[in-house]
Amino acid sequence: MEYALTLENVTKEYKDFKLDHINVYLPKGCIMGFIGENGAGKSTTIKLIMDLVKRDEGKITILGKDNKTELNSIKENIGVVMNELCFPENLNAREINKIMKKVYKTWDEDQFHSFIQKFSIAESKLIKEYSRGMKMKLAIAVALSHDSKILILDEATSGLDPIVREEILDIFLEFIQDESHSIFVSSHIISDLEKICDYITFIHKGKIVLSEPKDELLERYGILKCTEEEFEQVNPAVIKGVRKNKFGIEALVLKNELKGNYVIDKADIEDIMIFYIKEQMV
Amino acid sequence: MTGLILKDIYNLKRHSKVYVILLIFYFFLSRANGNATMFSSMLSILAVMLPITAMAYDEKNNWDRYALTMPLSRKDLVLSRYILGLIFALIAFIISIVSSLLFNKELLMESIIADISILSSVLLLIAFVFPVLFKFGIEKGRTLMIIILFAPTMLLVFLSNLGIKLPDEEALKPLLYFSPVAIIIIFILSIFVSISIYNKKEF
């Protein structure tokens, strides 16, 4: 399989935090959701991908190129959206267009203008007067107005209202229609990612807990609801997380390996994430 | 690179009225006082301040880490700042030369030498301050910057207080002829130092 993005054993140690030998493989043509709670290491990972921070160990490739030695040759093909809009605040969209024309050889002015119109951003409005939604939309317009083959987004949809979020997700789906395009998107808003992602990678305290096709994940896990007596009969190997309340027990289980007659509900990505985190805290 | 300089110019343009008014005010003030250096000092202060202001905006909005995801290298980001500094230094120089030619005909030679020395001091300031700013950022580098700005004056005051006689003008003249070369060398060295600081930087 051809990969748009690979991280192998990538490690970065800070005083109070360690990104610990993480492995991520994003196949070309797919959307990968990179989920985890705040401080799990999502932004650090994205900075490592763009070589903004130096890794201690490991190897990263983007579009098949090494991100240390060959990054400059593929920057035209990478669109990055940070968790904020990083242009100096006294600029407006018209000026950003002129600046980007000098920065990207493949800058597509018409494309940019059509995005600006679609997002109803006034061309002469200064960035400092933008709302959070407008800022993110402008950042996405910039990321998509050059020859991007991979989009890398850091919390691009958080802090946005549902309507804007929906618009942005639609744009991602449109972008991914081209099979050579891929998206790597981090978020802690899981419902967003669940809708559009092909792959889910779950990071927790600097470690990758799971990284799999979304459908397999949803297929494999279920929520078992039972009493404490029943629960003691269950093979501990299939249990991935437990939550007790006064009505009985809820447990995240590998539902296909659970033999017997139990009540099992569907687990969504959020359930899986919450159970995993709870389990680690016990 | 052109894109980066364009970005700074667009960004600074929003305050240009204030700067122009400030300059006009100082121009008339120095004419009224018959003291042309007042105007040229203001010019040179602005020439150093403007590129630093642009950097402060970049820092506030986390521009650098974003720019590095674009087809721009770390070297481009450092060089563009020096070029911007050079552009403002030259603009300040041209304005002060023109004003010398127009309004200071009696003491033309002296006034042109003053203009050249102002250009040199702007370039020297940039050369000393920029590496500090790249290392510590504008916010943290601010105190250090002020120390660098005042260190030469403080040193002179300190030395003369100690009773050490400052060399007279004649003794300093050869230094004046030698200084353009020295300044160019210091400026280029400063660029290399900044690039090597910036290459190690994490965002």
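Derivation of every value follows stated rules applied to the coordinates shown; laboratory data play no part. Source: prediction; values computed, not measured. Cβ placement follows ideal geometry from the backbone for every residue including glycine, while neighbour counts extend to all protein chains displayed.
Computed FRET efficiency, Cβ-Cβ of A:TYR25 and B:ILE186, R0 60 Å: what is it to the nearest 0.05?
Working: r = 50 Å, r/R0 = 0.83.
In this case the efficiency is close to 0.75.
Return the calculated 222 nm mean residue ellipticity for the protein assembly as shown, to the nearest 500 deg cm²/dmol, obtained by summing -39500 (n - 2.57) across DSSP H runs with n ≥ 4 and dividing by the residue count.
It lands at -18000 deg cm²/dmol.
Would you list A:LYS118, A:LYS98 from fewest to most Cβ contacts within 10 Å?
A:LYS118, A:LYS98
Let me have the relative contact order for chain A, percent, based on Cα pairs under 8 Å that are six or more residues apart.
Computed over chain A, the figure is 21 percent.
Within the range A:85-133, report the GluC sites (Glu not before Pro) that DSSP leaves as loop and that have at most 13 other Cβ atoms within 10 Å. Intermediate results must be reported in sequence, preceding the final value.
On the way: sites: A:GLU89, A:GLU95, A:GLU109, A:GLU123, A:GLU129; in loops: A:GLU89, A:GLU123.
Counting only loop positions with at most 13 other Cβ atoms within 10 Å, the GluC sites (Glu not before Pro) in the range A:85-133 are A:GLU123.
For a footprinting-style exposure proxy, rank A:ASP56, B:ASP64 by other Cβ within 10 Å, fewest first.
On the way: A:ASP56 12, B:ASP64 20.
Starting with the residue having the fewest Cβ neighbours, the order is A:ASP56, B:ASP64.
Sorted from fewest to most neighbouring beta carbons within 10 Å, what does the list B:MET109, B:MET49, A:MET273 look like? Each step should come with its number before you reach the end.
Values: B:MET109 9, B:MET49 13, A:MET273 23.
Going from sparsest to densest Cβ surroundings: B:MET109, B:MET49, A:MET273.
Run through every distinct alpha carbon pair of chain A and return the Kirkwood hydrodynamic radius in angstroms, one decimal place.
One decimal place: 20.4 Å for the Kirkwood radius.
Assuming 0.36 nm per residue, please report the length gained on full extension of the stretch A:LYS266 to A:THR69 beyond their Cα-Cα distance.
66.4 nm
Please give the helix B:74-103 orientation as an angle from the longest Cα principal axis of chain B, in degrees from 0 to 90, rounded to the nearest 10.
The helix B:74-103 is inclined about 30 degrees to chain B.
I want to verify a result. In a Gaussian network model of chain B, Cα cutoff 10 Å, which of these has the top mean-square fluctuation: B:LEU102, B:LEU90, B:LEU162?
Looking only at B:LEU102, B:LEU90, B:LEU162, the largest GNM fluctuation is found for B:LEU162.
Using r as the Cβ-Cβ distance of B:THR153 and B:ASN33, and R0 as 22 Å, what FRET efficiency do you calculate, to the nearest 0.05?
0.55
Place +1 on the Cβ of every Lys and Arg and -1 on the Cβ of every Asp and Glu in chain A, take the dipole about the Cα centre, and give the residue among A:ASN67, A:SER186, A:SER158 whose Cα lies farthest towards its positive end.
A:ASN67
Going by amide H atoms built from the backbone, whose H comes under 5 Å of the H on A:GLY241, apart from near neighbours?
A:LEU252
Out of residues 5 or more away from A:ILE31 or on other chains, whose amide H comes under 5 Å of its own, with H placed 1.01 Å from N in the peptide plane?
A:ILE183, A:ASP198, A:TYR199
Residues of the range A:120-152 with amide nitrogen under 12 Å from the 7 Å Cα-to-Cβ point of A:THR106?
A:144-151, by backbone N distance to the label point.
Please list, in order along the range A:214-221, the HN-Hα scalar couplings obtained from phi with the Karplus expression 6.51 cos²θ - 1.76 cosθ + 1.60 (θ = phi - 60°), rounded to whole Hz, x for Gly and Pro.
Each residue of the range A:214-221 in turn: 4, 5, 5, 4, 5, 5, 7, 9 Hz.
Go ahead and set up a Gaussian network model of chain A, Cα springs under 10 Å, then flag whichever of A:TYR14, A:TYR25, A:TYR199 fluctuates most.
Looking only at A:TYR14, A:TYR25, A:TYR199, the biggest GNM fluctuation is shown by A:TYR14.
For the pair A:GLU37 and A:LYS128, how long in nm is the line joining their label points, each one 7 Å along Cα→Cβ?
For the pair A:GLU37/A:LYS128, the computed spacing is 3.7 nm.
Through the Karplus equation 6.51 cos²θ - 1.76 cosθ + 1.60, θ set to phi - 60°, convert the phi angles of the range A:78-86 into ³J(HN,Hα) values in whole Hz; use x for Gly and Pro.
10, x, 10, 10, 7, 6, 8, 8, 9
Would you mind working out the magnitude of the charge dipole of the range A:1-131 relative to its Cα centre, with +1 at each Lys and Arg C-beta and -1 at each Asp and Glu C-beta, to the nearest 20 Debye? Write out the running numbers ahead of the final one.
Numbers: 20 positive and 20 negative charges, 47 e Å.
Using Cβ point charges on Lys, Arg, Asp and Glu, the range A:1-131 gives about 220 debye.
Under a plain spin-label model, where a point goes 7 Å from the Cα along Cα-to-Cβ, how far apart in nm are A:HIS113 and B:LEU86?
It works out to 3.5 nm between the two label points.
Which whole-number percent is the relative contact order of the range B:1-77 (Cα, under 8 Å, 6+ apart)?
On the way: 25 pairs, mean separation 28.3, N = 77.
Relative contact order comes out at 37 percent.
Of the residues A:GLY64, A:GLY222, A:GLY36, which exhibits the maximal mean-square fluctuation in a Gaussian network model of chain A defined by a 10 Å Cα contact cut-off?
Among A:GLY64, A:GLY222, A:GLY36, the largest mean-square fluctuation in the Gaussian network model of chain A belongs to A:GLY64.
If every alpha-carbon in chain B counts as one equal scatterer, what log10 I(q)/I(0) does Debye give at q = 0.10, 0.16 1/Å?
The Cα Debye sum returns log10 ratios of -0.49, -1.16.
Using a basic spin-label model with each label point 7 Å from the Cα along Cα→Cβ, how many nm lie between A:ASN245 and A:GLN177?
Between A:ASN245 and A:GLN177, the simple spin-label model gives 4.3 nm.
Search the structure for amide H atoms under 5 Å from the amide H of A:VAL81, placed 1.01 Å from N in the peptide plane, and list their residues when 5 or more places away or on another chain.
When sequence neighbours closer than 5 places are left aside, the close amide H contacts are A:ILE152, A:LEU153, A:ASP154.
Given Cα pairs under 8 Å that are at least 6 residues apart, what percent is the relative contact order of the range A:94-186? All intermediate terms of the calculation are to be shown ahead of the outcome.
Values: 72 pairs, mean separation 25.7, N = 93.
Result for the range A:94-186 is 28 percent.
Taking R0 as 56 Å, what's the FRET efficiency between A:SER120 and A:ILE274 from their Cβ-Cβ distance, rounded to 0.05?
Once the sixth-power term is evaluated, E becomes 0.90.
Treating the beta-carbon of each Lys and Arg as +1 and of each Asp and Glu as -1, no other charges, what is the dipole magnitude of chain B about its Cα centre, to the nearest 20 debye?
Computed about the Cα centre, the dipole is about 680 debye.
Rounded to whole Hz and in sequence order, give me ³J(HN,Hα) for the range A:11-21 from the Karplus expression 6.51 cos²θ - 1.76 cosθ + 1.60, θ = phi - 60°, writing x for Gly and Pro.
Listing the rounded values in order: 10, 8, 10, 10, 4, 10, 7, 9, 8, 10, 6 Hz.
What is the Cα coordinate range of the protein assembly as shown on the first, second and third principal axes, sorted by size from largest, in whole angstrom?
106, 54, 43
Report the normalised scattering of the range A:217-280 as log10 I(q)/I(0) at q = 0.12, 0.13, 0.27, 0.29 Å⁻¹, calculated by the Debye formula with identical scatterers on the alpha carbons.
Once normalised to I(0) and log-transformed, intensities are -0.24, -0.28, -1.29, -1.46.
A:GLU8 label point, 7 Å along Cα→Cβ, cut-off 19 Å on backbone N: hits in the range A:18-33?
A:20-28
Where the only charges are on Cβ atoms (+1 Lys, Arg; -1 Asp, Glu), what is the dipole of the range A:217-280 about its Cα centre, to the nearest 20 debye?
Numbers: 10 positive and 12 negative charges, 9 e Å.
Charge dipole, the range A:217-280, about its Cα centre: 40 debye, nearest 20.
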